Amino acid sequence: MSDQYTLQDPTTRYPKPDDSWKRYQEGPGVEQRQHPKPDAGETTYRGTGRLTGRKAVVTGADSGIGRAVAIAFAREGADVVLSYLPEEEADATEVVRLIEEAGRKAVAFPGDLKDEAYCELLVRRAVDELGGIDVLANVGGKQQTQESIQDISTEQFDETMKTNVYALFWTCRAALRHMGPGSTIINTSSIQAYSPSPTLIDYASTKAQINAFSKALAGSVASQGIRVNVVAPGPIWTPLQQAGGQPTEALADFGTQTPLGRPGQPAELAAAYVFLASQESSYVTGETLNVNGGMPTP
Ligand code: NAD
Ligand code: MG
């Protein structure tokens, strides 16, 4: 298969959805049960040493965008601590194998991002087992569609806030105790921060918070030589979508509203995180990089 350095037509590089995409699985979605299988770069991402020797923590590293980021980071030369839920062990095992095949160290550390103590321990794992932390990629997140605000339980609202916002606060705060000049944090927002869907009220609001949180934090740590940026994906084909992230019926049209006319694949996000993690982006901080198939953003 061709890699990200091969000239290709972006409108036809990956498939458009059809009725066979309309499947549902209980959350958390698992890549191994997803049809069709997403491309997280397993056979398509080629590294060129852009992150040689870096020590990275990636949340949501088992599947979807986080999986693509973990694979890319390792192939660019980084050692990686992987965060994911215990139920996702099978997906995570594959990523560990791919990182080791890239000749890098993988440290699997499952746990619940809604738990402050786990977020602290996650950073501690990098310090203990990789010898420090200089890249934090917060990719894990919760997205559960609901017809109306009446269908959003307080429990769901709380879980979405805890997973998407509190975890970010906890992991960033812990990581910054150890990070030195040149270190980078990359958080994951969404097109939902600018064009919120009526069916994603709680989720969309967390994504707007992530943008503001990251810009404020970027200003606060800039003088220490630490950069904080955001990647804002559009519709990307990941397990979360078949696990209640979208109404199942809507999956047959998923991503077709974008100017490029198709959903994105996780592998297409990886280079954005690599750029923001690497020295190539040394004058970029407080920025949001939109990877969304061409949908206009402010
Ligand atoms: P995904 O389901 O593959 O990844 C989400 C990951 O979050 C899971 O693998 C899981 O490991 C982790 N997670 C969720 N709750 C957790 C918890 N309580 N504790 C620990 N880990 C937890 O789906 P994805 O689409 O790759 O999602 C990655 C990020 O991308 C999310 O932040 C999501 O909001 C964002 N995003 C996705 C899209 C899209 O269309 N797929 C669009 C915009 C933004
Ligand atoms: Mg997963």
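The values are calculated or read from the model by the stated rules, or taken from the named source; none is laboratory data. As the structure is a computational prediction, the values presented were derived from the model and not from experiment. Don't worry about glycine lacking a Cβ; one is built from the backbone with ideal geometry, like all the others, and counts go over all protein chains shown. Areas reflect the complete protein model, heavy atoms only, side chains present, ligands, DNA and RNA absent. Shrake-Rupley method; radii C 1.70, N 1.55, O 1.52, S 1.80 Å.
Hey, can you tell me all the residues within region 194-226 that are aliphatic (A, V, I, L, M) and in contact (Cβ under 8 Å) with a residue 60 or more places away in the chain? Before the answer, list the steps.
As a first pass, look at region 194-226 and keep what is aliphatic (A, V, I, L, M): 200-201, 204, 208, 210, 212, 216-218, 221-222, 226.
Residues satisfying the conditions are ALA218, ALA222.
Going through GLU42, GLU87 one at a time, which residue ends up being part of a helix (DSSP H, G or I), within 16 Å of ligand 1 (Cβ to nearest atom) and of a type outside the set (A, V, I, L, M, F, W, C)? Let's see the steps before the verdict.
Working: GLU42 fails: part of a helix (DSSP H, G or I).
On inspection, the qualifying residue turns out to be GLU87.
Kindly provide the set of residues from region 175-193 that are touching a residue at least 60 places away in the same chain (Cβ under 8 Å), away from ligand 1 (no atom under 14 Å from the Cβ) and among the hydrophobic types (A, V, I, L, M, F, W, C), ordered by number.
Hit for region 175-193 is ALA175, nothing else.
Which numbered condition in (1) away from ligand 1 (no atom under 16 Å from the Cβ); (2) without any contact (Cβ under 8 Å) to a residue 60 or more places away in the chain; (3) open to solvent by less than 30 Å² (accessible area, probe 1.4 Å); (4) not in a helix (DSSP H, G or I) is the only one that ASP62 fails?
(1) is the only condition that ASP62 fails.
Got at least one residue in region 182-199 being more than 18 Å from PRO233 (Cβ to Cβ), more than 16 Å from the chain's Cα centre (by Cα), crowded, with 19+ Cβ neighbours inside 10 Å and at pLDDT 95 or above?
yes
I'm checking my understanding of the structure. Among residues of region 5-21 that are part of a loop (DSSP other than H, G, I, E, B) and within 18 Å of GLN246 (Cα to Cα), which one is most open to solvent (accessible area, probe 1.4 Å)? Write out each step before concluding.
Going through region 5-21, the residues part of a loop (DSSP other than H, G, I, E, B) turn out to be 5-18.
Okay, now just the ones that are also within 18 Å of GLN246 (Cα to Cα), so 16-18.
On the way: LYS16: 117, PRO17: 18, ASP18: 75 Å².
Filtering region 5-21 for residues that are part of a loop (DSSP other than H, G, I, E, B) and within 18 Å of GLN246 (Cα to Cα), the one most open to solvent (accessible area, probe 1.4 Å) comes out as LYS16.
Conditions tested, residue by residue: (1) farther than 18 Å from ASP253 by Cα; (2) without any contact (Cβ under 8 Å) to a residue 60 or more places away in the chain; (3) hydroxyl-bearing (Ser, Thr, Tyr).
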{"residue": "ASP9", "(1), (2), (3)": "yes, yes, no"}
{"residue": "PRO15", "(1), (2), (3)": "no, no, no"}
{"residue": "ASP18", "(1), (2), (3)": "no, no, no"}
{"residue": "LYS22", "(1), (2), (3)": "no, no, no"}
{"residue": "VAL30", "(1), (2), (3)": "yes, no, no"}
{"residue": "THR43", "(1), (2), (3)": "yes, yes, yes"}
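Kindly evaluate ALA126 against the criterion of being crowded, with 17+ Cβ neighbours inside 10 Å and within 19 Å of THR43 (Cβ to Cβ).
On the way: crowded, with 17+ Cβ neighbours inside 10 Å: yes; within 19 Å of THR43 (Cβ to Cβ): no.
Considered against the rule, which asks whether it is crowded, with 17+ Cβ neighbours inside 10 Å and within 19 Å of THR43 (Cβ to Cβ), ALA126 comes out as no.
Restricting attention to region 257-293, report how many residues are more than 19 Å from ALA68 (Cα to Cα), away from ligand 1 (no atom under 13 Å from the Cβ) and either assigned to a helix (DSSP H, G or I) or among the polar types (S, T, N, Q) (or both).
Final tally of qualifying residues: 5.
Which count do you get for residues in region 45-58 that are assigned to a loop (DSSP other than H, G, I, E, B) and either open to solvent by 10 Å² or more (accessible area, probe 1.4 Å) or at pLDDT below 95 (or both)?
Filtering region 45-58 for residues assigned to a loop (DSSP other than H, G, I, E, B) gives 45-54.
Filter once more, keeping what is either open to solvent by 10 Å² or more (accessible area, probe 1.4 Å) or at pLDDT below 95 (or both): 45-50, 52-54.
So the answer is 9.
Which one is farthest from the chain's Cα centre (by Cα) among residues in region 123-174 that are of a type in the set (Ser, Thr, Tyr) and within 14 Å of ligand 1 (Cβ to nearest atom)? Outline the logic, then answer.
Restricting attention to region 123-174, the residues satisfying the condition of being of a type in the set (Ser, Thr, Tyr) are 145, 148, 153-154, 160, 163, 166, 171.
Filter again for within 14 Å of ligand 1 (Cβ to nearest atom), leaving 145, 160, 163, 166, 171.
Details: THR145: 19, THR160: 15, THR163: 13, TYR166: 16, THR171: 14 Å.
Filtering region 123-174 for residues that are of a type in the set (Ser, Thr, Tyr) and within 14 Å of ligand 1 (Cβ to nearest atom), the one farthest from the chain's Cα centre (by Cα) comes out as THR145.
Between LEU136, LEU113, LEU121, which is more than 13 Å from ligand 2 (Cβ to nearest atom), touching a residue at least 12 places away in the same chain (Cβ under 8 Å) and open to solvent by 10 Å² or more (accessible area, probe 1.4 Å)?
On the way: LEU136 fails: open to solvent by 10 Å² or more (accessible area, probe 1.4 Å); LEU113 fails: more than 13 Å from ligand 2 (Cβ to nearest atom).
So the residue among LEU136, LEU113, LEU121 that is more than 13 Å from ligand 2 (Cβ to nearest atom), touching a residue at least 12 places away in the same chain (Cβ under 8 Å) and open to solvent by 10 Å² or more (accessible area, probe 1.4 Å) is LEU121.
Step by step: first the residues of region 200-212, then only those that are open to solvent by 20 Å² or more (accessible area, probe 1.4 Å) and of a type in the set (Gly, Ala, Ser), then the one that is farthest from GLY141 (Cα to Cα). Which residue is that?
The extreme case among them is ALA212.
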